[in-house]
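Chemist: Sending over a structure as structure tokens; questions will come in a sec.
The values are calculated or read from the model by the stated rules, or taken from the named source; none is laboratory data. Remember, predicted model here, so these are calculated numbers, not experimental data. As a convention, Cβ positions derive from the backbone with ideal geometry for all residues, glycine included, and neighbour counts pool all protein chains shown.
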Amino acid sequence: MTTLALQAGLAPVRRADHWRPAELVFWLLPVAAYFIFPDNLVLLTQIAITALFCLSLDLILGYAGIVSLGHAAFFGLGAYAAGLLAAHGFGDPLLGLGVAAVVAAALGFVTSLLVLRGADLTRLMVTLGVAMMLYELANKLTPITGGVDGLQGIEVLPLLGPFEFDLYGKTAFWYALAVLFVLFWVARRIVHSPFGLSLKGIRLNVGRMPALGTPVNARLAAVYTLGAAYAGIAGALLAQTTQFVALDVLSFNRSAELLLILVLGGSGSLYGALIGTIVFMSAHHLLSELNPQYWQFWLGALLVVIVLFARDGVMGGLRRIGARFGANGGTK
Amino acid sequence: MNYALQTRNLVKKFGGFVATNDVSLNVEAGARHALIGPNGAGKTTLINLLTGFLEPTSGEVILNGTNVTQLAQHQRVKRGLARTFQINRLFADLTVLDSVTMAVNERLGLGARFWKPVASYAEAVDEAAHLLATLRLLDVAHEKTRNLAYGKQRLIEIALALAAKPSVLLLDEPAAGVPTSESRELFESIANLPRDVTILLIEHDMDLVFRFADQISVLVSGAVLTEGTPEFIANNPKVKEVYLGEAISV
């Protein structure tokens, strides 16, 4: 807190933008997981990628309140952009991420003009519509995308020069985790900035913001574009680490599942997006091993039970437990 | 005469219904101007036209000599026109300090800064804290808005508007819904607002109007019935007729 504010009689509070010990512990978990589950690196990599994808939805839904049922459009576009680059001799992974981010951001910016015109239900329709159009485009443009057979022939060059993508998926794991961490750190800065605060304001009371002098649509377009770029990078990571792009990167199912994961984890909290992904994908993995035929039943049951006890997701539940035990509360 | 806010032949029609009928209002700079009128007189519509929430069917809105009729709400705020709402429009889950800091950020042009934390913009936080001190809200600065009494929340309405450092402030029934026990503090805060801010007060409470205003316009059926000093309005037979049964005392 500032000196003047202190003189004016303001009690200092714990600043939300400072890192908490619990957060540092959280980020050691994937490092531990690498050593504990060396045979599951592919799954862990998938979790990191989906977590980044979920983070991108959290930025636009959890912080700015824009509902989307077509977020896979950006994920898929990023995957195809990076995949096509690598299939045509431009296999540098970071170049692929950059191009995917730019292409997805461009689509995000253009479609934001449509999305921002309507209210919630209209937004669901518009986002769904954009994703459906891209899906059918990718389906139809077989010579370029491979259509239903998927995009093959992706050859990714070694990361930064020395780190080749190995068969065990070690490089892929560290690569995905590093990208997730860096982009999480950036998102964390953004949500604690004045821009992030204004997004919360828009979500909490969109009618008041113009009266404060806020250009609401410009702010929403900016965060929608940012969310699209994040999703595009997540898609590019999937294409590069699996060296394949399946048509279902653009599927409705992917968008809907993402929404489910975010609500499960707790939207409006960056860690909610990460924890939701970990819980959902771990449960998915374990249940499909235990009960290969009917695992979806148990997954559904788990989701219902969690939401029954914590309406605001796992993160909300944790926060309340933290408050009850008089700790610092949950991490934000 | 130096006018802070004017309307010229302002008309707003909703289908066949004329909500605002040829209103030409002149609010002097530094004035305490009240707009009164019975329910359905078109007071809220007029506010919405002034702030840009509604577009007029015809006519102009002039702010500090500039025609702002074509400007969006947030652009008019940037030019010095702020308002409060008849029904609280606050940020329930934000703390009082965060809400007001957010409003100060917008005025200082910091609202789109996305890299450094809110608290690092000390000038904005300091200004918000000062504003809270003026309105005697500093002790609840770290409370969430939803946890405050209604009277306190009405003060946050005013704090958010003042954060824009307006040259013209529209107060839309600031005392609406405030219990008598909390209204004195609110009235005092309104009376202590800086004199260089021009205030247009829309109010039902005649007590507050006659205590506060130096100029009164009476709106009836969307049109200005009459205007003048409080004494003039209090003794005006036409006004008495409109407010038949309501006691008006100076």
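Chemist: Quick check on my filter: what residues within segment A:290-304 are aliphatic (A, V, I, L, M) and closer than 18 Å to residue A:257 by Cβ?
Modeler: Residues satisfying the conditions are A:299, A:301, A:302, A:303, A:304.
Chemist: Please go through segment B:103-116 and pick out each residue that is facing chain A (nearest Cβ under 7 Å) and in contact (Cβ under 8 Å) with a residue 12 or more places away in the chain. Even if it seems obvious, please write down each step before you answer.
Modeler: Initial filter on segment B:103-116 (facing chain A (nearest Cβ under 7 Å)): B:103, B:105-107, B:110-116.
Once the filter is applied, which keeps residues that are facing chain A (nearest Cβ under 7 Å) and in contact (Cβ under 8 Å) with a residue 12 or more places away in the chain, segment B:103-116 yields B:103, B:105, B:106, B:107, B:110.
Chemist: Being outside any strand (DSSP E or B), surrounded by fewer than 20 Cβ atoms within 10 Å (Cβ to Cβ) and in contact with a Phe, Trp or Tyr (Cβ under 7 Å, 6 or more places away or on another chain): is that true of residue B:177 here? Steps first, please.
Modeler: Working: outside any strand (DSSP E or B): yes; surrounded by fewer than 20 Cβ atoms within 10 Å (Cβ to Cβ): yes; in contact with a Phe, Trp or Tyr (Cβ under 7 Å, 6 or more places away or on another chain): yes.
So residue B:177 passes the test.
Chemist: Limited to segment A:81-101, what total is found for residues that are in a helix (DSSP H, G or I), within 27 Å of residue A:149 (Cβ to Cβ) and either hydrophobic (A, V, I, L, M, F, W, C) or modelled with pLDDT of 95 or more (or both)? Working first, answer last.
Modeler: Here is the first cut: in segment A:81-101, the residues in a helix (DSSP H, G or I) are A:81-87, A:93-101.
Subsequent filtering for residues that are within 27 Å of residue A:149 (Cβ to Cβ) retains A:81-87, A:93, A:95-97, A:99-101.
Those still in the list that are either hydrophobic (A, V, I, L, M, F, W, C) or modelled with pLDDT of 95 or more (or both) too: A:81-82, A:84-87, A:95, A:97, A:99-101.
Qualifying residue count for the region: 11.
Chemist: Given the conditions (1) surrounded by fewer than 15 Cβ atoms within 10 Å (Cβ to Cβ); (2) part of a helix (DSSP H, G or I); (3) not basic (Lys, Arg), which single one is not true for residue A:118?
Modeler: Of everything listed in (1) surrounded by fewer than 15 Cβ atoms within 10 Å (Cβ to Cβ); (2) part of a helix (DSSP H, G or I); (3) not basic (Lys, Arg), residue A:118 misses just condition (2).
Chemist: Here is a further query. Name the residue, out of B:82, B:34, that is in contact with a Pro (Cβ under 6 Å, 6 or more places away or on another chain) and either buried (at least 20 other Cβ atoms within 10 Å of the Cβ) or assigned to a helix (DSSP H, G or I) (or both).
Modeler: Details: B:34 fails: in contact with a Pro (Cβ under 6 Å, 6 or more places away or on another chain).
Residue meeting the stated conditions: B:82.
Chemist: Determine which member of the set A:190, A:202 is within 9 Å of another protein chain (Cβ to nearest Cβ), in contact (Cβ under 8 Å) with a residue 24 or more places away in the chain and surrounded by 17 or more Cβ atoms within 10 Å (Cβ to Cβ).
Modeler: On the way: A:202 fails: within 9 Å of another protein chain (Cβ to nearest Cβ).
Step by step, each of A:190, A:202 is checked, and only A:190 is within 9 Å of another protein chain (Cβ to nearest Cβ), in contact (Cβ under 8 Å) with a residue 24 or more places away in the chain and surrounded by 17 or more Cβ atoms within 10 Å (Cβ to Cβ).
Chemist: Being β-branched (Val, Ile, Thr) and more than 13 Å from residue A:278 (Cβ to Cβ) is the filter; apply it to segment A:46-84 and report the residue that is surrounded by the fewest Cβ atoms within 10 Å (Cβ to Cβ). Quick ask: steps written out before the conclusion?
Modeler: Of segment A:46-84, the ones β-branched (Val, Ile, Thr) are A:47, A:49-50, A:60, A:66-67.
Keeping just the survivors that are more than 13 Å from residue A:278 (Cβ to Cβ) gives A:60, A:66-67.
On the way: A:60: 27, A:66: 23, A:67: 16.
Among those that are β-branched (Val, Ile, Thr) and more than 13 Å from residue A:278 (Cβ to Cβ), it is A:67.
Chemist: So, one more: Test of understanding: among B:119, B:164, which residue is assigned to a helix (DSSP H, G or I) and either under 16 Å from the mean Cα position of the chain (by Cα) or of a type in the set (A, V, I, L, M, F, W, C) (or both)? Let's see the steps before the verdict.
Modeler: Values: B:164 fails: assigned to a helix (DSSP H, G or I).
Within the list B:119, B:164, the selection yields B:119.
Chemist: Here is a further query. Restricting attention to segment A:200-224, report how many residues are out of contact with any His (no Cβ under 6 Å at 6 or more places or on another chain), among the polar types (S, T, N, Q) and within 13 Å of residue B:102 (Cα to Cα).
Modeler: Taking segment A:200-224 first, the residues out of contact with any His (no Cβ under 6 Å at 6 or more places or on another chain) are A:200-209, A:211-212, A:216-224.
Subsequent filtering for residues that are among the polar types (S, T, N, Q) retains A:205, A:217.
Remaining after also requiring within 13 Å of residue B:102 (Cα to Cα): A:205.
Adding up the residues that qualify gives 1.
Chemist: Is it true that residue A:281 is among the aliphatic types (A, V, I, L, M) and within 14 Å of another protein chain (Cβ to nearest Cβ)? Steps first, answer last, please.
Modeler: On the way: among the aliphatic types (A, V, I, L, M): yes; within 14 Å of another protein chain (Cβ to nearest Cβ): no.
Judged against the criteria, residue A:281 is not a match.
Chemist: Moving to a separate point now. Return the residue satisfying two criteria in turn: it lies in segment B:135-158 and is part of a helix (DSSP H, G or I) and facing chain A (nearest Cβ under 8 Å), and of such residues it is nearest to residue A:214 (Cα to Cα).
Modeler: Out of the qualifying residues, it is B:138.
Chemist: Scan segment A:205-232 residue by residue and report those that are facing chain B (nearest Cβ under 9 Å) and either free of Cβ contacts under 8 Å to residues at least 24 places away in the same chain or crowded, with 24+ Cβ neighbours inside 10 Å (or both).
Modeler: Across segment A:205-232, the qualifying residues are A:205, A:207, A:208, A:209, A:210, A:211, A:212, A:213, A:214, A:215, A:216, A:218.
Chemist: Within the group A:11, A:64, A:72, A:51, which residue is at pLDDT below 90 and in contact with a helix residue (DSSP H, G or I) (Cβ under 6 Å, 6 or more places away or on another chain)?
Modeler: Numbers: A:11 fails: in contact with a helix residue (DSSP H, G or I) (Cβ under 6 Å, 6 or more places away or on another chain); A:72 fails: at pLDDT below 90; A:51 fails: at pLDDT below 90.
When all the criteria are applied, what remains is A:64.
Chemist: Please specify each residue of segment B:117-141 satisfying the condition of being without any contact (Cβ under 8 Å) to a residue 12 or more places away in the chain and charged (D, E, K, R).
Modeler: Within segment B:117-141, B:126, B:139 qualify.
Chemist: Can you go through A:223, A:279, A:216 and tell me which one is β-branched (Val, Ile, Thr) and under 16 Å from residue A:127 (Cβ atoms)?
Modeler: Matching residue, one of A:223, A:279, A:216: A:223.
Yes/no per residue for (1) aromatic (Phe, Trp, Tyr); (2) facing chain A (nearest Cβ under 9 Å); (3) buried (at least 22 other Cβ atoms within 10 Å of the Cβ); (4) closer than 24 Å to residue B:45 by Cα:
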residue: B:118; (1), (2), (3), (4): no, yes, yes, no
residue: B:123; (1), (2), (3), (4): no, yes, no, no
residue: B:133; (1), (2), (3), (4): no, yes, no, no
residue: B:171; (1), (2), (3), (4): no, no, yes, yes
